[in-house]
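Asks: My questions will all concern the structure given below.
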Amino acid sequence: MKLIIAVVQDEDNEAAVHALNEHGHRVTRLATTGGFLRRGNTTLLMGVDDDKVEDVLTVLRHTCRRRSVFTTLVTETPTMLPSSVVEVEVGGATVFVLNMADMLHI
Ligand code: 2BA
């Protein structure tokens, strides 16, 4: 079995979870915050059989989009301007697939 941890953008969260449920996958959503942009994102936890991993990845590929985001970087380096606007490409999804020893419903 695998534990899939997927960080998705909040904008894609509803569509991704809906599609995952439609495909029979159980999902736990966590409200999280990206360390770089410091914006809200959503982390999905899914415990799945090995043969379901590819289906989960396919659903995420279809529901999670890449987006460009402009963000202000504040720097404390004296030689640089106090802040600068940069364009960052976010997503589709950042996915971690971990081996899972067991999954229990108690
Ligand atoms: P954030 O940390 O807010 O990062 C948002 C986007 O900013 C990233 O998109 C990436 O394009 C850019 N970025 C992140 N760190 C950067 C840096 N040091 N310099 C320049 N650009 C940087 P994604 O790669 O699609 O990541 C989306 C979100 O997924 C991240 O939000 C974070 O919450 C999570 N994530 C990504 N990689 C991760 C990792 N290796 N471990 C844990 N979480 C990760």
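Computed from the coordinates by the stated procedures, all read-outs in this text should not be read as laboratory data. Predicted model, so just to flag it, every value in this text is computed and none were measured. Ideal geometry is used to build each Cβ from the backbone, glycine not excepted, and the neighbour counts take in all protein chains shown.
Asks: With unit charges on the beta carbon (Lys/Arg positive, Asp/Glu negative), name the residue among Thr72, Ala101, Ala31 whose Cα is farthest towards the positive pole of the charge dipole of the chain.
Replies: Thr72
Asks: Another question, if that's okay. If one takes the longest principal axis of the Cα atoms in the chain, at what angle in degrees, from 0 to 90 and to the nearest 10, does the Cα axis of helix 10-22 lie?
Replies: 10
Asks: For helix 53-63, what angle does its Cα long axis make with the longest principal axis of the chain, in degrees from 0 to 90 and rounded to 10?
Replies: 50
Asks: So, in nm, how far is label Thr28 from label Thr58 when the simple model puts each one 7 Å beyond its Cα toward the Cβ?
Replies: Between Thr28 and Thr58, the label points sit 2.7 nm apart.
Asks: Given the DSSP H assignment, sum -39500 (n - 2.57) over each helix run of at least 4 residues in the chain and divide by its residue total; what's the result at 222 nm in deg cm²/dmol, nearest 500?
Replies: -7000 deg cm²/dmol
Asks: According to the Kirkwood expression over distinct Cα-Cα pairs, how big is the hydrodynamic radius of the chain, in Å?
Replies: Numbers: mean 1/r = 0.0654 Å⁻¹.
By the Kirkwood definition, the hydrodynamic radius is 15.3 Å.
Asks: Looking at the chain as a GNM with Cα springs under 10 Å, which of Val53, Val17, Val85 has the largest mean-square fluctuation?
Replies: The residue with the greatest mean-square fluctuation here is Val85.
Asks: Express the relative contact order of the chain as a whole percentage, based on alpha carbon pairs under 8 Å and six or more residues apart in sequence.
Replies: Working: 177 pairs, mean separation 38.5, N = 106.
Over the chain, the number comes to 36 percent.
Asks: Let me ask something else about it. What's the longest uninterrupted piece of the chain once you rule out the trypsin sites (Lys or Arg not before Pro) that are loop residues per DSSP with at most 13 other Cβ within 10 Å?
Replies: Within the chain, the longest run free of exposed trypsin sites (Lys or Arg not before Pro) spans 67-106.
Asks: Could you give the size of the charge dipole of the chain about its Cα centre, using +1 on the Cβ of each K and R and -1 on the Cβ of each D and E, expressed in debye and rounded to the nearest 20?
Replies: 240
Asks: Net charge within 11 Å of Val48 by Cβ-Cβ distance, Lys/Arg positive one each and Asp/Glu negative one each, not counting Val48 itself?
Replies: On the way: positive: Lys2, Arg26, Lys52; negative: Asp49, Asp50, Asp51, Glu54, Asp55.
Spelling it out: positives minus negatives among the neighbours equals -2.
Asks: If you build the Cα gyration tensor of the range 1-52 and take the root of 5 times each eigenvalue, what three semi-axes come out, in whole angstrom, biggest first?
Replies: Equivalent ellipsoid semi-axes, largest first: 22, 13, 7 Å.
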